Amino acid sequence: MLLIWHSLRYNFVTDDAFISFVYSRNLAEHGELTYNLGDRVEGYSNFSWTVLLAALHALGISPELASRVLGTACGVGTLVVVYRLTARMVPRSTAWAALPPVFLALSSGFACWSSGGLETQLFCLLCLGAFSQLAVAAERSAAQDRRAARSWLSLGGLVGAAALTRPEGLLLAAVLALCLTVANLAAWRRGARAAVPTAAPSVVPSVERATLRGVAAALVPRAQRLALLGFIALWGPHQLWRLWYYGWPFPNTYYVKAHGPWQPPELASQMWRNGGYYLLTWLEQTGLLWAWPLVLGGLLAVRPRDPRFIVSAPLLAFAAAYLLYTASVGGDFMGLHRFVMPLFPIAALGLTLGLAGVRGLASGAASAPRRAWARAGVVGVAVALVAGFAASQAALTTRSLRRDRLGADHGIDPPAFLIVYTQDRAAIGRALAPCLAATDFGIVGGAGAQPYYARMRAIDVFGLVSEKVAHGEPRIRARAGHTKWASDALLVAHDPTFVFSCYALHQTPDAPALPCAAPWLARDYQVVTMHIPALVQSGTYYSFLAKRRRAFTCPGAQVHASVGAPPGASAGEPANARPGAGR
């Protein structure tokens, strides 16, 4: 209940979620997993989430509602899974097992992205579920339980589902495969030494003792091959379908965000610095900057011969790989740590293991009174940590929702800005919807709420739904998710009816100065201003560019015959854009 209440404090859908909503609607209504009907571009990176929303849309449940309910349900599911996993890692202590769910429910970031409309919490649940299933499979294999085969198959299925939910699911698959292979290799070498006591430490059994097939069987035991089978059974067919349907091995979003040359090359190092700042912000806002010794100590304290090591080692490896990956892509432009959400339960689990380990050390005190005092001290520290975390997160939640603090921090937008931005674009889309024709085509900044509610064909300047931008443009901006920007020539070649990426939000009906309008005005476009009372961010007037011969009319719209623009201006960023605006 605490998490549900906390999530409802945010209760929003971010603009990027509406990109998937467009795809899910087109799949439900037209049988096409496309953004613009007939144009096969994979502008989403959350296949399973998009298809799930499409199925619910076909049943009459809107993506706006379904995504928030499912996100919160997945968040609650993660609390259940982390409780069970902690109970396995800290046996005979249900009190310790309750600690990670409490930390997660109190967390501002975990609550925020239980809302938001994105696949974040589904991916988090699948990742943690895979680690939990790994613990079950390892236990059953050690006990020679007949159910072990089913557990390994389920593990592969969970990892496959994670890979269909986020591209980072492949990172999870690689880490688990590597950790299991290393563990099997270590076990095989121990067996080889036991069989040949006089052999050197680097002994390799002869062909008579172990054929290549035997070595392979030792590295990937039969039961574990079922995990590989479960993974391939889900991920493999989708990958083949992707190549057939879209023509590329990765989503279009990958080519936008992580592919192509940097111009200038120095932007690559700036991206790493941005990623480092993003991670530092996460550590500071969650308190992990001070608690990390307990977290790391809790996970490292599990020794290799301990049965729990089969889980703690992959958890550590996954966290390390994920942190490095996050830094390399510049973090994220959305505030409150969406991108590192799978690390939240790992941190909560590690912290609990650390506290439980300290309590275990305290139990070794010489006398009973000292043991009692030491245990009470550890419990007191745990209570103080929970209370302090609750206070800090309550303040962070309030601060992140303040409408008077919409500015970005190093390119990271706070939830308050994401909420206002999306509400304004939804209002614009609703106002435009009755005035657009089926043949109209627009250039937009954000490809989410505005095109979704306007039901218009469009591409975005960042290239998320444009194959030409994704594969043909260099990376020119060191901002996560926004590294590319369509060139003027590419945009003009589309001959758009409307240019919404060159816009202004303002407080009076007078024509605004649009520095980005010059190339379009020279091509017989004109400035149109619409009065939309529902706008809240910068005024209730919205100006954009429309092709003159379209003779655009709409309630509350005013066409400006001629508007001056600085000569030589680019058709790029809007006049009133700050870092983060015009997404």
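The values are calculated or read from the model by the stated rules, or taken from the named source; none is laboratory data. From a predicted model like this one, the values you see are computed outputs, not experimental measurements. Here the Cβ is made from the backbone with ideal geometry for all residues, glycine too, and neighbour counts use every protein chain on show.
Listing for the model above:
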{"quantity": "Test: residue in the stretch 34-46 that is assigned to a helix (DSSP H, G or I) and at negative phi", "calculated": "no"}
{"quantity": "Selection within the stretch 317-363 - in a loop (DSSP other than H, G, I, E, B) and polar (S, T, N, Q)", "calculated": "Ser363"}
{"quantity": "Members of the stretch 14-33 that are of a type in the set (D, E, K, R) and in a loop (DSSP other than H, G, I, E, B)", "calculated": "Asp15, Asp16, Glu32"}
{"quantity": "Residue, farthest from Phe21 (Cα to Cα), within the stretch 64-78, restricted to residues that are surrounded by 23 or more Cβ atoms within 10 Å (Cβ to Cβ) and in contact with a strand residue (DSSP E or B) (Cβ under 9 Å, 6 or more places away or on another chain)", "calculated": "Gly71"}
{"quantity": "Test: residue in the stretch 528-542 that is over 37 Å from the mean Cα position of the chain (by Cα), farther than 22 Å from Asn36 by Cβ, modelled with pLDDT of 90 or more and in a loop (DSSP other than H, G, I, E, B)", "calculated": "no"}
{"quantity": "Pick from the stretch 400-424, criterion under 22 Å from the mean Cα position of the chain (by Cα) and charged (D, E, K, R), ranking: farthest from Ala534 (Cα to Cα)", "calculated": "Asp409"}
{"quantity": "Matching entry among Val22, Val81 (being within 15 Å of Gly117 (Cβ to Cβ) and surrounded by 19 or more Cβ atoms within 10 Å (Cβ to Cβ))", "calculated": "Val22"}
{"quantity": "Scope the stretch 447-470; condition in contact with a strand residue (DSSP E or B) (Cβ under 7 Å, 6 or more places away or on another chain) and assigned to a loop (DSSP other than H, G, I, E, B); matching residues", "calculated": "Ala447, Met456, Val461, Val465, Ser466"}
{"quantity": "Considering residues of the stretch 50-63 that are out of contact with any helix residue (DSSP H, G or I) (no Cβ under 6 Å at 6 or more places or on another chain) and assigned to a helix (DSSP H, G or I) only, the residue surrounded by the most Cβ atoms within 10 Å (Cβ to Cβ)", "calculated": "Leu52"}
{"quantity": "Some residue of the stretch 467-484 being in contact (Cβ under 8 Å) with a residue 40 or more places away in the chain, under 26 Å from His560 (Cβ atoms) and aliphatic (A, V, I, L, M)", "calculated": "no"}
